[in-house]
Amino acid sequence: MSINEQQQIKERYHGEATRYMDNAKECLIKAQKENGYYQDQKYVRMACGTAYSGLLVALDCFLILKGVKKPTSKERKSIEYYQTNITKIDKKLLDTLNSAYKILHLWGYYDGIEKADVVKSGFDEANKIIDRIKPTGLNGSAQKTAEPVKSTASRNGKAKK
């Protein structure tokens with residue numbers, strides 16, 4: 001796979017994973033935080049599930065770039081699929097995945113944990129994974145476009161004749 005093809009894959013998957021995280025943040029706003037706790041468990045669950053889905057998108061990209069074979073259409077991806085394949089490639093990433101899985105999927109999505117600091121740590125772990133696939137040239141959540149350079153005359157307010 002060429003560097004250009006890898007860059008295109010990263011751009012596609014990173015954009016999708018970031019979109020999931022943006023949606024998850026919107027859900028947390030609806031959960032209304034007071035005194036360090038979210039007040040609406042429904043929105044916490046939605047946010048954590050959405051953030052977890054975003055990190056899975058990023059992991060799919062990571063594994064594609066590492067040449068890991070996708071499961072067949074009859075097989076379903078599970079946490080074990082990700083853990084088994086990532087164990088062979090990157091132990092630090094595995095630790096991050098395991099933390100994010102426990103916080104976002106188990107405690108957040110299934111249990112609806114309302115403590116804001118815990119939810120934030122899960123989002124931080126998800127963002128670490130998503131940052132691993134950030135395409136080169138992205139210095140924020142979106143690629144900035146350069147502003148056209150103005151001529152010296154137009155900057156001074158005088159037009160050249």
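The values are calculated or read from the model by the stated rules, or taken from the named source; none is laboratory data. These numbers were taken from a predicted model, which means no experiment stands behind them. Please note: Cβ atoms are built from the backbone with ideal geometry, for glycine as well, and neighbour counts cover all protein chains shown.
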(request) May I ask you to list the residues in region 37-88 that are in contact (Cβ under 8 Å) with a residue 12 or more places away in the chain and of a type in the set (S, T, Y)? (result) Y37, Y38, Y43, T50, Y52, S53, Y82
(message) Taking the condition of being within 23 Å of I3 (Cα to Cα) and in contact with a His (Cβ under 9 Å, 6 or more places away or on another chain), how many residues in region 58-112 meet it?
(response) 2
(request) Taking only region 1-14 into account, find how many residues are more than 11 Å from A58 (Cβ to Cβ) and part of a helix (DSSP H, G or I). (result) 9
(message) I need the full set of residues from region 28-53 which are surrounded by 13 or more Cβ atoms within 10 Å (Cβ to Cβ) and part of a loop (DSSP other than H, G, I, E, B), in order please.
(response) A31, Q39, D40
(message) Restricting to region 20-55, name every residue that is more than 18 Å from H105 (Cα to Cα) and out of contact with any strand residue (DSSP E or B) (no Cβ under 8 Å at 6 or more places or on another chain).
(response) I29, K30, K33, E34, N35
(message) Within region 78-85, does at least one residue satisfy the condition of being modelled with pLDDT under 90 and surrounded by 11 or more Cβ atoms within 10 Å (Cβ to Cβ)?
(response) no
